[in-house]
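Student: Sharing a structure, written as structure tokens. Questions coming.
Every read-out reported here was derived from the displayed coordinates using simple, explicitly stated rules and does not represent laboratory data. Keep in mind that what you see is a predicted model, and the values were worked out from it rather than measured. Glycine also receives a Cβ, built like all others from the backbone with ideal geometry; neighbour counts cover every protein chain displayed.
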Amino acid sequence: MMDLGAPVPPADITVSSRNLCAVLDYQPANLTVRTQAGITLGALNRALGEHGQFLPLDAPFPDVATIGGIIATNTSGSLRVRFGTARDQLIGLRAALADGQVVHGGGDVVKNVAGYDLPKLFIGSLGTLGMIVEATFKVAPLPAKRATIAAGFEEMGPATALALRVLRSSMLPFGLEMLDRKASVELGLGDRSLCVARFGGVPGAVAQQIGQVEEWAVASGAADITILDSDEKLWSRLRDFMFEKATLVKIGVMPSQVAQLAAQAQDYAARYGMGCVLLAHAIGIIYIALEGLPEGAVGAITLLRESALACNGHLVVLRAPEELAKRVDVWGPAPRGLGLMKKLKQELDPNGVLNPGRFVGGL
């Protein structure tokens, strides 16, 4: 996620956490792990997997994405529908400030309420407050069984309606995604809009949930239904492929507004002669890849942001060619808490040497 945020001036010094890649303390019985920030998510989960556990974060490209980078960008994927984001898994953090001072907060137990919640301060901070050097997480048992059902529809509307029905039920999916036709085609999943639901747990419960979604999909008029018992390859591609796009925006709205924003995205892209590929998490996160000239992307992003704001949502440009990044506001309107954010930045990095100008509001 090095592309995330506003362009920054050339750096005088670049600091890497690549060699900070050790697991420092792992307590399988307590479901906690403390690790250095430079370890990749893939390497950490392979170590946890030896004890039948995993860290339920699914950032793109896990063999490249580091723990520190995931926290600093607050990156999450399909698993957030079940487990939440890094904010929900992180219980302790250690960071080095611009002056070399090392600060830490939280602890090595799941229930820890002593002191200020320093770990949450660094989530999504993009390295503008300090460099994360260690993190402690609660982890989860690997499910005994996973399975996926994909229901194809002629239009995006029924796919999102089915996803909402699953989301509002008592089920606890491990992933719940909607894809437009173009995304389905690119992934080799046919030429239809899709609702894709993944479940994990004991085999009987997984089978029951898959059967219920299948019943709902048939009643909703699904044109085709596929059930996969071996689904790791599919979810790896769903996790990564949007982040291979040159121009990618992320919209956050209420789950009930996903269908509306998806339709508007396709309309605005067509209006400006842009290609559009769309994938959405049912919880209200929409990823839209725009394909075409920067002039068209500027217009489409402007209209999309207006639509998102009208829904009390937001739009962030995650990736863009340099020419486009200079012509759009990647963050959008400054949040109401910008004043407090500036005070925190001044307190922790008074000389403004850490990623200056990269974060929202020019922080």
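Student: Could you give me the ³J(HN,Hα) list for the range 324-338, computed from phi with Karplus coefficients 6.51, -1.76, 1.60 and θ = phi - 60°, whole Hz, x at Gly and Pro?
Tutor: Each residue's phi maps through the Karplus curve to give 6, 4, 7, 9, 10, 7, 5, 9, x, x, 5, x, 5, x, 4 Hz.
Student: Something else: If you average 1/r over all unlike Cα pairs in the range 226-283 and invert the result, what Kirkwood radius do you get in angstrom?
Tutor: Working: mean 1/r = 0.0749 Å⁻¹.
After inverting the pairwise mean of 1/r, the radius is 13.4 Å.
Student: Still on this structure: May I ask you to give the average projected area over all directions of the convex hull of the Cα atoms of the range 87-212, in nm² rounded to one decimal?
Tutor: Working: hull surface 44.3 nm².
Projected over every direction and averaged, the Cα hull of the range 87-212 covers 11.1 nm².
Student: Please compute P(r) over all alpha-carbon pairs of the range 1-108, binned at 5 Å starting from zero, and give each bin as a whole-number percent.
Tutor: 2, 10, 20, 25, 21, 12, 6, 3, 1, 0
Student: Another question, if that's okay. Calculate, axis by axis, the spread of Cα positions in the range 161-272 along the three principal axes, and write the results as whole Å, longest axis first.
Tutor: Ordered largest first, the range 161-272 gives principal extents of 49, 28, 26 Å.
Student: What is the packing order of peptides 282-291, 5-14, taking the mean over residues of other C-beta atoms within 10 Å and listing the highest first? Walk me through the intermediate numbers first.
Tutor: Values: 282-291: 22.2, 5-14: 10.9.
Result, highest mean first: 282-291, 5-14.
Student: On a 25 Å Cα-Cα criterion, which of the cross-link pairs Lys250/Lys343; Lys250/Lys326; Lys245/Lys326 come out too long?
Tutor: Numbers: Lys250/Lys343 27 Å; Lys250/Lys326 18 Å; Lys245/Lys326 18 Å.
Over 25 Å Cα-Cα: Lys250/Lys343.
Student: Plugging the Kirkwood radius over Cα pairs into Stokes-Einstein for the range 245-325, at a temperature of 20 °C and a viscosity of 1.002 mPa s, what D comes out in µm²/s? Let's see the in-between values first.
Tutor: Numbers: Rh = 12.2 Å.
Rounded, D is 176 µm²/s.
Student: Residue farthest toward the positive end of the dipole of the chain, with Cβ of Lys/Arg at +1 and Asp/Glu at -1: which of Leu261, Ala219, Gly299?
Tutor: It is Leu261.
Student: While we're on this one: Two decimals is fine: what is log10 I(q)/I(0) at q = 0.17, 0.21 Å⁻¹ for the range 211-359, from a Debye sum with one equal scatterer on every Cα and no solvent?
Tutor: Each listed q maps to, in turn, -1.06, -1.29.
Student: Hey, what do the phi angles of the range 34-43 turn into as Karplus ³J(HN,Hα) couplings, whole Hz, using 6.51/-1.76/1.60 and θ = phi - 60°, x for Gly and Pro?
Tutor: Once rounded to whole Hz, the list reads 10, 9, 6, 6, x, 5, 7, 4, x, 5.
Student: Now a separate question. Size of the range 283-363 along its principal axes in angstrom, Cα-based, largest extent first?
Tutor: So the three principal-axis extents are 41, 29, 20 Å.
Student: With the alpha-carbon atoms as the only input, what is the per residue convex hull volume for the chain in Å³?
Tutor: On the way: hull volume 49.1 nm³, N = 363.
Hull volume normalised by residue count: 135 Å³.
Student: Amide H neighbours of Arg319 under 5 Å, at least 5 residues apart or on other chains, H built in the peptide plane: list them.
Tutor: Amide H neighbours of Arg319: Leu248.
Student: Next question, about the same structure. Among all the lysines, which ones have a C-alpha under 18 Å from Lys345's C-alpha, if same-chain residues fewer than 8 places away are not counted?
Tutor: Excluding near neighbours in sequence, the set is Lys120.
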